[in-house]
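The values are calculated or read from the model by the stated rules, or taken from the named source; none is laboratory data. Please read these numbers as outputs of a predicted model, since none were measured by experiment. Here the Cβ positions follow ideal geometry from the backbone for every residue, glycine too, while neighbour counts run over all protein chains shown. All accessible areas refer to the heavy atoms of the entire protein, side chains included, with ligands and DNA or RNA removed. Shrake-Rupley method; radii C 1.70, N 1.55, O 1.52, S 1.80 Å.
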Amino acid sequence: MKYIIFEDQSGHAVPIIFPDKIGHAEMREQVPYGRVLSCGYVELAGSGFHCHGECHELEAQSAEGDAEMLAAAFGREE
């Protein structure tokens, strides 16, 4: 799966997870939020999420803390 973490109008981080067949830039066009904070690929590996990768079109990459933020969105702690 792929993900993008956006900054909303209030300055809060908002993660969105979507299928690999949708491009990061395609998803960016569909989402009304402000700037992209980070993005990449996410996998459920063993006991938690693993984030990696980047998107040249969005000039963004996975960042430290992304896995924890995605886990929190699912009500899990990493």
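Overview of values
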item: ALA60 long-range amide H proximity, modeled H, under 5 Å; result: CYS55
item: For the chain, accessible area per residue (1.4 Å probe, heavy atoms of protein chains only), Å²; result: 63 Å²
item: Burial order of peptide ranges 58-66, 35-43, 22-30 (average beta-carbon count within 10 Å, highest first); result: 35-43, 58-66, 22-30
item: Electrostatic dipole magnitude of the chain [Cβ: Lys, Arg +1; Asp, Glu -1; Cα centre; debye, to 20]; result: 200 debye
item: Hz values of 3J(HN,Hα) by residue in segment 12-22 - Karplus curve (6.51, -1.76, 1.60), Gly and Pro given as x; result: 8, 7, 10, x, 10, 10, 8, x, 4, 6, 9
item: Relative contact order (%) - the chain, alpha-carbon pairs under 8 angstrom, separation at least six; result: 26 percent
item: For the chain, calculated [θ]222 nm from helices alone, where every DSSP H run of n ≥ 4 adds -39500 (n - 2.57); result: -5000 deg cm²/dmol
item: Apportionment of accessible area to carbon and sulfur, the chain, percent (1.4 Å); result: 48 percent
item: Label point distance in nm, GLU54-HIS12, each placed 7 Å from Cα along Cα→Cβ; result: 3.0 nm
